[in-house]
Every structure is written in C-alpha cells, then in structure tokens.
Amino acid sequence: MDAREMKVKAAQAALAYVEDGMRLGIGTGSTADEFVRLLAEKVDEGFKVEGVPTSERTARLCVELGIPLKSLDELPELDLTIDGADEVDANLTLIKGGGGALLREKIVAAASARMIVIADESKLVGMLGAYPLPIEVNPFGLAATQIAIEKAASRLGLSGALTLRKSGADIFMTDGGHYILDASFGRIPDADALSAELNFIPGVVEHGLFIHMASLAIIAGEAGARTLEAK
C-alpha cells in the first residue's frame, strides 16, 4: 500500500463519523483532500452537509466537487472538524501547518464540538518536532519576532534554524496575509510550555501546535486504519 492509498484508507474511516445534516469543518492538506473527494461522492448521492473550509485551497476543491459551503460567520458552531496533521503523538498533540493554513485550521477546530485527525502512519511519532513547527507571524517587525522566538526556544532548551517560508522566489503568504517561520527544533519535549511561550510574543499570530484539540486520530498503515483516542 503506497502513501496515497493509506491516506484514502484514513479518509474512508473518518467518513463513517460524518452524519447527515452535520455542520462540518473541512481541513487542508493531501489527506484532507482525499476526504473531500470521498465526501463529495456521498453528497452527490444525496447526503446533506454544510462545510466550512479551513483554507482557500480546500474551498476551491469543495466548490469544484459540489460540496455546499458556508463561512464560519454563517456557521460559528460546528459539529465536527476532520483534518490532517504533519505529526501526531500518543496524546493526540499535533503539529499542523505544513500547507500554511494553521491559523484558519485552529480557528475552525476550536469552533467544533469535536476534531478528528486523519493521517498515514508516517505521521505518528514518539515526540513532536522532527517536522519543522510552522509559526505564523505578522510581516511587521519580522526580525524582532524572530529574535523573540529564538529567545523563547532557548529558555526551553530548544535550538534550530528558523526559516522564512518561500513560494518559489517569493515569500509565502498565508490566506490571512501573514508570513510563516518554520522552526526546526528537532524535538519538543514540552509542547504546552512552548505553546505558552509563543503565545506571549506579540508578533506571533498563531503556531502549529494543536494541544487538547483532537479527540480521535485515525491512522492508516499497511494493516488498514486504526483509531487512537485522546488520553
């Protein structure tokens, strides 16, 4: 089974949690894309949902495939969000934001009664941090914000390069008009402490640590899909 087939397996398993008439947060990324395609097939058969996309990319795919969409202002309280992750640990703490949609993803997840994560087994880790942590920052005062992040990381014994994300030759711009610094810390023993430090920095808009947000993870591997529940 290749990586795409695993993502499809996880998406298929997640679809079983979606009930007719739900207000649904729809995530961003390659695994979420597979979920959108499967959901669209059910919608085409008469299944009713109202979706809130977490990115412009997801919105375009949903429109293309005929999934009804609303804004989060129109549906400020959601039943369920299904989204992917770049890393998942045993406590269902996540690193997200590889696709650059972490701010909207976190807002939508926080507005949901429940969040389910879908991923292939390569995303399941013993400790977060091998995948660079995306940190969404305001373009104003970028250098000062970067220094503040480095100092905060140092206080926690973390080090590693902070790389300004690019899109070709240009600086990558999020849907919210912000930049992303990818922090290559290598390991994050205390995600709660790092989250608190980053939240204290004025230039940090949001970060890709999703803590106590996911209640269930569906992890697909060679043997099929299995579920992990938050401890």
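The values are calculated or read from the model by the stated rules, or taken from the named source; none is laboratory data. Small disclaimer: the values here were computed from a predicted structure and weren't measured. Using ideal geometry, Cβ is built from the backbone for each residue, glycine included, and neighbour counts are taken over all protein chains shown. The protein model used for the area step is the full one, side chains on, heavy atoms only, and it has no ligands, DNA or RNA in it. Shrake-Rupley method; radii C 1.70, N 1.55, O 1.52, S 1.80 Å.
Each residue of the stretch 23-32 is assigned a 3J(HN,Hα), and the resulting list reads 9, 10, x, 10, x, 10, x, 5, 6, 4 Hz, derived from the Karplus form 6.51 cos²θ - 1.76 cosθ + 1.60 (θ = phi - 60°), x at Gly and Pro. Write down Rg/Rh for the stretch 1-85, rounded to two decimals, with Rg from the C-alpha atoms and Rh from the Kirkwood relation over Cα pairs. So for the stretch 1-85, dividing Rg by the Kirkwood Rh gives 0.94. The stretch 47-134 has equivalent-ellipsoid semi-axes of 25, 14, 12 Å, by the square roots of 5 times the alpha carbon gyration tensor eigenvalues, sorted largest first. Rounded to 0.05, the FRET efficiency of the residue 130 and residue 172 pair, given R0 = 22 Å and the Cβ-Cβ distance, is 0.55.
Normalising by residue count, the stretch 134-231 has a Cα convex hull of 148 Å³ per residue. With θ taken as phi - 60° and the Karplus curve 6.51 cos²θ - 1.76 cosθ + 1.60 applied, the whole-hertz 3J(HN,Hα) list for the stretch 167-174 is 10, x, 8, 9, 6, 5, 10, 6 Hz, x standing for glycine and proline. Any idea of the accessible area per residue across the stretch 1-66, 1.4 Å probe, to the nearest Å²? On a per-residue basis, 48 Å². The relative contact order of the chain comes to 24 percent, based on Cα pairs under 8 Å that sit 6 or more residues apart. Mean projected area of the Cα convex hull of the stretch 1-149, taken over all directions, amounts to 10.0 nm². Along the axis of the charge dipole computed for the stretch 36-98 (Cβ charges of +1 for Lys and Arg, -1 for Asp and Glu, origin at the Cα centre), the listed residues 61, 94, 82 are led at the positive end by 61.
Any of 96/231; 9/123; 70/106; 7/70; 48/123 with alpha carbons more than 24 Å apart? Name them for me. Result: 7/70; 48/123 exceed 24 Å. Rounded to the nearest whole angstrom, the semi-axes of the ellipsoid equivalent to the stretch 77-216, taken from the Cα gyration tensor as √(5λ), stand at 23, 18, 14, largest first. Here the stretch 151-193 and the stretch 104-134 have alpha carbon centers that stand 16 Å from each other.
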